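First the structure, in the form of structure tokens, and then the observations on it.
Just so it is clear, none of the values below were taken in a lab; they were calculated from the coordinates. For clarity, every value in this text was computed on a predicted model and none was experimentally measured. Here the Cβ is made from the backbone with ideal geometry for all residues, glycine too, and neighbour counts use every protein chain on show.
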Amino acid sequence: MELESSETAEKIHLMESHRLDSFKIWPFTAENNCNIKSMAEAGFYYCGTENDSDSAACFCCGKVLNGWESTDIPIDEHRKHAPQCFFVKIGKFEKDLTVEEFLRVFQASITGGISRKIVKTRIKIRSACHKFRNEFYKKF
């Protein structure tokens, strides 16, 4: 089944509203610096679990951060831990981006996502090859 374009944008958390919607649970309230609006503005979407309820990932660079504190300022943490992120380098929130900047961020997020998938696939292939080789040598 092919995804509709709006479903695709939501799946990759491209839009701030999609990132905001991803925070079904979050340990901090709107009164804290580290609230879901600030997280989404800083490029983060929720990727936590029951055991790890404060993990968030950047839609653009893929950086996952956890261990958030209520006083953390999400964009500052993003800059500190992922200075290479194109979204961070642009230095603007979504509402302040020009169309050209938005398209460049979109391109960077898609390119980064593809690169991360390639790396994961290479790791899986390498692991499978090592396993096969070890099993092969055990037989002979």
- Residues (surrounded by fewer than 22 Cβ atoms within 10 Å (Cβ to Cβ) and among the aliphatic types (A, V, I, L, M)) located in the range 41-86: A57, V64, L65, I73, I75, A82
- Task: Among the candidates K120, K80, K92, K131, single out the residue that is part of a loop (DSSP other than H, G, I, E, B) and without any contact (Cβ under 8 Å) to a residue 24 or more places away in the chain.
- Result: K92
- Message: Checking the conditions here, which among V99, V88 is in contact with a strand residue (DSSP E or B) (Cβ under 9 Å, 6 or more places away or on another chain) and β-branched (V, I, T)?
- Response: V88
- Task: Might you let me know whether the range 41-48 holds any residue that is of a type in the set (S, T, Y) and over 26 Å from F86 (Cα atoms)?
- Result: no
- Message: For the structure I just gave you, tell me whether R126 is exposed (fewer than 12 other Cβ atoms within 10 Å of the Cβ), assigned to a helix (DSSP H, G or I) and not polar (S, T, N, Q).
- Response: yes
